[in-house]
Amino acid sequence: MRQPEGGTTQVVPAGSSSISSRLFFFGMAALSLVIDQVTKAWIIAALPANESVDLARWLAPILSLTHVQNTGVAFGLFPGLSRLFTILSLVVIIGILSFRRSLPGDALWLHGALGLVSGGALGNLADRVLRGHVVDFIDVNVWPLATWPVFNAADAAIVAGFAVLLVDSLLAEREGTLASA
């Protein structure tokens, strides 16, 4: 309960921040999953496996599309271990769902970041289950990423989610250090 300016007591519904955090988590997961699967379907329909195409002449030195069938993990690491990564993806998704429940409801950035990681993991998991490999297609060719592996929207969502988690962790650590000083 909180008291507004008029002096009357106002009841705040229990779990309202919990509802918004769930919506943000599942919304980010669904958004990243949909974007990932739609872009992969487009690549499969438009570009044969192991083929490249430039989006535009002026982008060619920086970015192209290359259809790769990845049997490894993100960014082509550890090829041929698709079954292991299927199981690992399931464990990660279940772990995130469990961990997310322990977070405060008002930590929306954390819920959103975990939603990105979950949606990306689900996107790559869907590929492994349905296709036996993950479809990668984003080919970045700019320094220092000139030899960067081809990746997909799910990988980008996972990296973005982890980046938000890392920044949040560093900021929390800094605030803790400043508070104890």
Pair list, Cβ < 7 Å and 6+ apart or interchain, from region 131-158 residues that are over 17 Å from P79 (Cα atoms) to residues that are open to solvent by 40 Å² or more (accessible area, probe 1.4 Å) and of a type in the set (F, W, Y): V140/W148
Of the listed residues (N124, N141), the one being modelled with pLDDT under 90 and touching a strand residue (DSSP E or B) at 6+ places or on another chain (Cβ under 9 Å) is N141
Which numbered condition L125 misses (of (1) over 17 Å from the mean Cα position of the chain (by Cα); (2) surrounded by 12 or more Cβ atoms within 10 Å (Cβ to Cβ); (3) among the aliphatic types (A, V, I, L, M); (4) more than 30 Å from L171 (Cβ to Cβ)): (1)
Given the conditions (1) open to solvent by less than 50 Å² (accessible area, probe 1.4 Å); (2) in contact (Cβ under 8 Å) with a residue 60 or more places away in the chain, which single one is not true for L77? (1)
When every residue in region 60-74 that is among the hydrophobic types (A, V, I, L, M, F, W, C), modelled with pLDDT of 85 or more and crowded, with 17+ Cβ neighbours inside 10 Å is compared, the one farthest from V134 (Cα to Cα) is L65
Is at least one residue of region 55-73 part of a helix (DSSP H, G or I) and closer than 21 Å to A157 by Cβ? no
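The values are calculated or read from the model by the stated rules, or taken from the named source; none is laboratory data. Just so we're clear, the structure is a prediction, and the values are computed from it rather than from any experiment. Cβ: placed from backbone, ideal geometry, glycine included. Neighbour counts: every protein chain shown. Quick note on the areas: whole protein, heavy atoms, side chains included, nothing else; ligands and nucleic acids left out. Shrake-Rupley method; radii C 1.70, N 1.55, O 1.52, S 1.80 Å.
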